[in-house]
Amino acid sequence: MAGAIDQAIATVRASSGTALDLSGLRFRKLRESVRDLTTLTHLDLSSNQLATLPDWIGELTALTELDLRGNALTELPQTIGNLTALTRLDLRDNRLTGLPDPIGNLTALAELDLYGNTLTELPEAIGNLTALTRLNLWNSRLTGLPDSMANLTRLRFLELSHNRLTALPSWVGELTALTELRLIHNRLTSLPDAIGNLRSLTVLDAARNKLTALPDSIGELTALTKLDLWSCDLQELPDSIGKLTALTELDVANNHLTGLPDTIGNLTSLRKLSAYRNKLRRLPDSIGSLTALTRLDLSLNELTELPESIAGHTGLDVGGNAIAGY
């Protein structure tokens, strides 16, 4: 392995190259000889055994992409803030417990991936990263989000799944460029009214939370094509859900719904409706208007009859109900 590392470094040095790939070589310490490669714009150190980065990493100021995923990093040096040309920083699957404040100097950063670390909080300085379009915080043990994140108004993708969030701050409504918001498996008991401001949102996934209701403002998300509310303790759906006429997938399975609103019939683009394992006792006649449906899962409810308009639907599953003839 040592020979492969030295050869790769020597090749880049000889050609004043811009890319160095040292991924998967299982080294624990970054070679000092990398320090002189000041022409580097792309540095891939992924899938090694790095526990620390040298302070001199901050001297590689031409870097635009730095890949550190799959190491054993517990912290980043303060000098990371010198890499102000970075547009992509991948820190997935490390052991980071925090981020240094100088991370806020990386104002050209468009993509930041922190998936699978042990963060419990983020520094306020993260709000300085106003060029971010993609932020992945999946499975990072976060209990809250800094208010400064309201400044990240260019974000299009925000992944907050598998954390410990008990509330989604109202400032999320200021992130109006968002097209995907993922909130799976947190501890959310409600969504803020301001979520209705996210009119560019096409995917909202809030499965496995403790939501008992949705705000009426959910109906303002008229660009939504996928809404996932699986296993959320929902008691009812608001009538405003009928305004989501671009929806093609709606998952409200494994909740406590006793009925669906009549306005469900407005969702004429819907191809998949999953409502199994609820307490549905009746369905609105308007459900027959969902002529684009290819899959309608109503199994494991308390239904005793079906509207005639869906009784022969080829994608219908009503197993585990008490409907005569099924």
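The values are calculated or read from the model by the stated rules, or taken from the named source; none is laboratory data. Quantities reported herein were computed from a predicted structural model and do not represent experimental measurements. Here Cβ is always computed from backbone atoms with ideal geometry, including for glycine, and neighbour counts include all displayed protein chains.
Mind checking whether some residue in the stretch 208-228 is within 27 Å of G98 (Cβ to Cβ), part of a helix (DSSP H, G or I) and in contact (Cβ under 8 Å) with a residue 24 or more places away in the chain? No, that holds for no residue. Within the stretch 28-59, take every residue that is among the hydrophobic types (A, V, I, L, M, F, W, C) and surrounded by fewer than 17 Cβ atoms within 10 Å (Cβ to Cβ) and give me the one that is nearest to T107 (Cα to Cα). Filtering the stretch 28-59 for residues that are among the hydrophobic types (A, V, I, L, M, F, W, C) and surrounded by fewer than 17 Cβ atoms within 10 Å (Cβ to Cβ), the one nearest to T107 (Cα to Cα) comes out as W56. Residues in the stretch 179-199 that are in a loop (DSSP other than H, G, I, E, B) and of a type in the set (D, E, K, R): R187, R199.
Among the residues of the stretch 295-326, the one identified as touching a helix residue (DSSP H, G or I) at 6+ places or on another chain (Cβ under 8 Å) and under 22 Å from Q235 (Cβ atoms) is L296.
Report whether or not R35 is closer than 30 Å to L122 by Cα and out of contact with any Pro (no Cβ under 8 Å at 6 or more places or on another chain). Quick ask: steps written out before the conclusion?
Numbers: closer than 30 Å to L122 by Cα: yes; out of contact with any Pro (no Cβ under 8 Å at 6 or more places or on another chain): no.
When the stated conditions are applied, R35 does not pass them.
Taking the stretch 245-284 as the range and being of a type in the set (K, R), within 26 Å of the chain's Cα centre (by Cα) and either under 19 Å from S231 (Cα atoms) or not in a loop (DSSP other than H, G, I, E, B) (or both) as the test, the residues that pass are K272, R277.
Evaluate the following for S240: is it within 26 Å of the chain's Cα centre (by Cα) and of a type in the set (S, T, Y)? Yes, satisfied.
Scoring L53 on the criteria (1) in contact with a helix residue (DSSP H, G or I) (Cβ under 8 Å, 6 or more places away or on another chain); (2) outside any loop (DSSP other than H, G, I, E, B) leaves a single failure, condition (2).
Annotation note: of N254, N278, the sole residue that is on the phi > 0 side of the Ramachandran plot, modelled with pLDDT of 95 or more and among the polar types (S, T, N, Q) is N254. Considering only the stretch 262-278, state which residues are among the β-branched types (V, I, T) and farther than 14 Å from L293 by Cβ. Matches in the stretch 262-278: T263 only. Every condition in (1) under 30 Å from T166 (Cβ atoms); (2) at pLDDT below 95 holds for Q235 except the one numbered (2). How many residues are part of a loop (DSSP other than H, G, I, E, B) and over 22 Å from L119 (Cβ atoms) if we restrict to the stretch 56-76? Summing the residues that are part of a loop (DSSP other than H, G, I, E, B) and over 22 Å from L119 (Cβ atoms) in the stretch 56-76 gives 5.
Looking at the stretch 60-96, which of its residues are charged (D, E, K, R) and surrounded by fewer than 17 Cβ atoms within 10 Å (Cβ to Cβ)?
Kept after step one, since they are charged (D, E, K, R), are these residues of the stretch 60-96: 65, 67, 69, 75, 88, 90, 92-93, 95.
Within the stretch 60-96, E75, R95 meet the criteria.
Within the stretch 1-20, being of a type in the set (G, A, S) and under 16 Å from E32 (Cα atoms) holds for A2, G3, A4, A8, A10.
Here is a yes/no grid of residues against (1) more than 19 Å from D93 (Cα to Cα); (2) outside any helix (DSSP H, G or I); (3) out of contact with any strand residue (DSSP E or B) (no Cβ under 9 Å at 6 or more places or on another chain); (4) aromatic (F, W, Y):
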{"position": "I103", "(1), (2), (3), (4)": "no, no, no, no"}
{"position": "S140", "(1), (2), (3), (4)": "no, yes, yes, no"}
{"position": "G144", "(1), (2), (3), (4)": "yes, yes, yes, no"}
{"position": "M149", "(1), (2), (3), (4)": "yes, no, no, no"}
{"position": "R154", "(1), (2), (3), (4)": "yes, yes, yes, no"}
{"position": "S161", "(1), (2), (3), (4)": "no, yes, no, no"}
{"position": "L201", "(1), (2), (3), (4)": "yes, yes, no, no"}
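When you look at A131, is it modelled with pLDDT of 95 or more, over 21 Å from A167 (Cβ atoms), among the small types (G, A, S) and surrounded by fewer than 17 Cβ atoms within 10 Å (Cβ to Cβ), yes or no? Yes.
In the stretch 285-321, how many are small (G, A, S), in a loop (DSSP other than H, G, I, E, B) and more than 35 Å from the chain's Cα centre (by Cα)? Reasoning before the result, please.
From the stretch 285-321, those small (G, A, S) are 286, 288-289, 292, 299, 309, 311-312, 315, 319-320; that's our starting set.
Adding the requirement that they be in a loop (DSSP other than H, G, I, E, B) leaves 292, 299, 311-312, 315, 319-320.
Keeping just the survivors that are more than 35 Å from the chain's Cα centre (by Cα) gives 311-312.
Residues that pass the stated criteria total 2.
The sole residue among S33, S46, S23 that is in contact with an Asp or Glu (Cβ under 9 Å, 6 or more places away or on another chain), farther than 24 Å from P102 by Cα, of a type outside the set (F, W, Y) and part of a loop (DSSP other than H, G, I, E, B) is S23.
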